[in-house]
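Each reported figure results from applying straightforward, stated rules to the coordinates on display, with no laboratory input. Bear in mind that the values here come from a model prediction, so they are computed numbers and not experimental data. With ideal geometry, Cβ positions are generated from the backbone for all residues, glycine too; neighbour counts draw on all protein chains shown.
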Amino acid sequence: MKLAPSFWNMNVLVAAAVFVGVPLSAPAQGWKPERPVEIIVGCAPGCGPDNMARLMQRVFQKNHYFDPPLSVQNKVGGGGVMARQYLNQFEANGHYLYSGDKGVLGSRAMGKSGVQYTDLTPVAILFGEYIGLAVKADSPITSGRDLIERLKKDPAAHSFGIATALGNINHQSVASALKNAGVDVRKTRNVTFTSGALAIAAMLGGHIDAVPVSMGLWVSHMETGAVRVIAVSSAERLPGFFADIPTWREQGGNAVVFNWRAIFGPKGMTPAQVAYWESVLQSFIETPEWTAEMEMRSGIPKFMGAAAMKKHLEEEYPELKDFLVELGLAKN
């Protein structure tokens, strides 16, 4: 099943990514941070949202976007549920932000309790990326096609390290490919971790067989030769550093799964607070540090402001829920 919304079609991206906030020259007239700012992350250090939050921290402080200090708070648990509960203690407070991704939709679709994406204030989608499945360099699994054939015979033959919760985008990327290739994904062995970095460490230690995470997390391990990325969840091969990695489609798993990274605020944020952060984030994605990060990740750096983001979430949620129902991870 294809799970890459039409929004991310490159022709539509240009039109959809029009900045809807105020210009940086007049950021949120009437509001700016006056107290310490926190960026809250729902996974352990080393996960994708954490990496993005810490890059924001470095760039914001280097460029003196505002005077108060900024910290990153990792609130781990429930696939982001604990972080969102913490965030929403600060209703209408623009000093608190949440670095999240498409997993916020999956959490609601699977009926998890706690604060859902509908309880948050959309601020901006910053970029998107695809998911790569990797094995250790000396693994007997030679390719995505080889893995599919092994799991057709025995769905529990190999284990997967999933960060940070079953049903999230990392899990979806491999489960959809396997299911479409005829594997009974309900019988696969999955171990959850609180970050992609920890899942990778477990694989390198020989405790699990394969890990699906954002492509950017594989770069350093590919450079040292420690891992082999055997499949990517894009429709076509990615350029540059990842050009030799085949897609799932090339290997019998007809699946395209795409993740986006975004910033949310607590419920009840004022229009002035949202506009301030939109303008700051628009400036952030124009920095050399951000450009380098996108090149490293093979990310798609397309900005979507609050109003467009809210509409996009509402349109994407039903499709994602149907997808998770199809995988047996959610109920109608």
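Taken along the Cα-to-beta-carbon direction at a fixed 7 Å, the label points for Arg237 and Ala92 span 5.6 nm. Quick one, which of (i) 64, 62, 39; (ii) 65, 60, 44; (iii) 63, 43, 38 is the actual Cα extents along the principal axes in Å calculated for this model? Label (iii) holds the value from this structure. Simple spin-label estimate for Ile300 and Val191 gives 3.3 nm between the two label positions (7 Å along the Cα-to-Cβ direction from each Cα).
Checking the Cα-Cα distances for Lys75/Lys153; Lys62/Lys310; Lys152/Lys311; Lys62/Lys321 against a 32 Å cut-off, the pairs over it are Lys75/Lys153; Lys152/Lys311; Lys62/Lys321. Projected label points at Asp244 and Glu315, each 7 Å from Cα along the beta carbon direction, are separated by 3.9 nanometres. Scalar couplings 3J(HN,Hα) for the range 203-212, obtained by applying the Karplus form with A = 6.51, B = -1.76, C = 1.60 to θ = phi - 60°, are 5, 5, x, x, 8, 9, 9, 8, 9, x Hz; x denotes Gly and Pro.
From helices alone, the chain scores -10500 deg cm²/dmol at 222 nm; the rule is -39500 (n - 2.57) for each run of n ≥ 4 DSSP H residues, then divide by the residue total.
If you line up the long axis of helix 306-326 against the longest principal axis of the chain, both from Cα atoms, how many degrees apart are they, to the nearest 10? Approximately 20 degrees, to the nearest ten. Which value results for Rg/Rh of the range 130-257 when Rg is the Cα radius of gyration and Rh the Kirkwood radius based on the inverse mean 1/r? Rounded to two decimals, Rg over Rh is 0.92.
The range 145-200: D in µm²/s via Stokes-Einstein (Kirkwood Rh, Cα pairs, 25 °C, 0.890 mPa s)?
On the way: Rh = 11.3 Å.
Estimated via Stokes-Einstein, D reaches 216 µm²/s.
Put simply, the amide H of Ala262, placed in the peptide plane, has neighbours under 5 Å in Gly100, Asp101, Leu126, leaving out anything fewer than 5 places away on its chain. Counted over the range 222-332 with a bin width of 5 Å, the fraction of Cα pairs per bin, in whole percents, is 2, 9, 13, 16, 16, 16, 14, 9, 4, 1.
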